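Only one structure is covered here, and it is reproduced in the block below.
The values are calculated or read from the model by the stated rules, or taken from the named source; none is laboratory data. What you see is a predicted model, and the numbers here were worked out from it, not measured in a lab. Here Cβ is always computed from backbone atoms with ideal geometry, including for glycine, and neighbour counts include all displayed protein chains. Surface areas here come from the heavy atoms of the whole protein model, side chains and all, with no ligands, DNA or RNA. Shrake-Rupley method; radii C 1.70, N 1.55, O 1.52, S 1.80 Å.
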Amino acid sequence: MNIFILRHGETELNNRGIIQGSDIDSEINKKGIIQSNKFYEKYKKYPFEKIYISNLKRTYQSILKFIQLGIPYEKLEGLNEISWGKNQGKRDDIIEYKKLVDSWSKGNLNDCFINGESPLDVQNRQKHVIKKIIEDNFENILVCTHGRALRIMLSWLLNNNISNMNNYPHSNLGLYVLKFENKTFRMSKKNDISHLS
């Protein structure tokens, strides 16, 4: 199984350095549309059989042209971005944000902002997504998700240690490609943005 995993295209909040989690349903901006069009032009002939996206419209908008080709798609809440709770909508350079991310890297994976989610919360809902993807058993799939959710997913699928999530950088419309065989995931592309040049 070949799993293409994308982060959504740029939103205006990304551009402004604003924290947007699962409770902010923002749209991709003009740059995000250009990014999604460039990805489509490179991969429109790839034989994707199924698309999985989050419930947030920025993922739908990022792969819309593939959906318009008639490729079946499914929205899964498990692919939503982490909830940043009380700090959603604030600038991403606030001290509390850095402290929380540092805490995660030290293994404190239950830590979260007030009314937010922890990395373990996100991992638990992602487990249902991965189980479904494996059981659906398509050979070539496209997944569109979010930055922190992507880092959490990759770190546990590839290393079984989500405290290492910052080892997986992400870019808007950056691509990771995983191969799943013999019950093991391995990575063949890491945050590839060559299609955006």
Qualifying position, being out of contact with any Pro (no Cβ under 8 Å at 6 or more places or on another chain) and free of Cβ contacts under 8 Å to residues at least 12 places away in the same chain, among N159, N137: N159
Of everything in segment 113-148, what is touching a Leu at 6+ places or on another chain (Cβ under 7 Å) and either assigned to a loop (DSSP other than H, G, I, E, B) or over 16 Å from M1 (Cα atoms) (or both)? Give them in sequence order. F113, S118, P119, L120, C144, T145
Being over 18 Å from N164 (Cβ atoms), hydroxyl-bearing (S, T, Y) and open to solvent by less than 60 Å² (accessible area, probe 1.4 Å) is the filter here, so list the residues in segment 72-129 that pass it. S83, Y97
What pairs come up if the first residue lies in segment 62-74 and is under 16 Å from E139 (Cβ atoms), the second is in a helix (DSSP H, G or I) and of a type in the set (G, A, S), and their beta carbons are under 6 Å apart, counting only those six or more places apart or on different chains? none
Out of curiosity, is I33 surrounded by fewer than 17 Cβ atoms within 10 Å (Cβ to Cβ) and either assigned to a helix (DSSP H, G or I) or hydroxyl-bearing (S, T, Y) (or both)? yes
Pick from segment 51-69, criterion open to solvent by less than 60 Å² (accessible area, probe 1.4 Å) and outside any helix (DSSP H, G or I), ranking: farthest from Q20 (Cα to Cα): I51
Count, please, the residues in segment 100-117 that happen to be closer than 24 Å to N172 by Cα and free of Cβ contacts under 8 Å to residues at least 24 places away in the same chain. 2
Those residues of segment 156-197 which are under 12 Å from the mean Cα position of the chain (by Cα) and either more than 27 Å from E41 (Cβ to Cβ) or crowded, with 19+ Cβ neighbours inside 10 Å (or both), in sequence order: Y168, H170, N172, L173, G174, L175, Y176
What tally of residues in segment 70-106 results from selecting those that are assigned to a loop (DSSP other than H, G, I, E, B), in contact with an Asp or Glu (Cβ under 6 Å, 6 or more places away or on another chain) and among the polar types (S, T, N, Q)? 2
Taking into account only those residues within segment 1-27 that are part of a strand (DSSP E or B) and open to solvent by 20 Å² or more (accessible area, probe 1.4 Å), which is modelled with the lowest pLDDT? I18
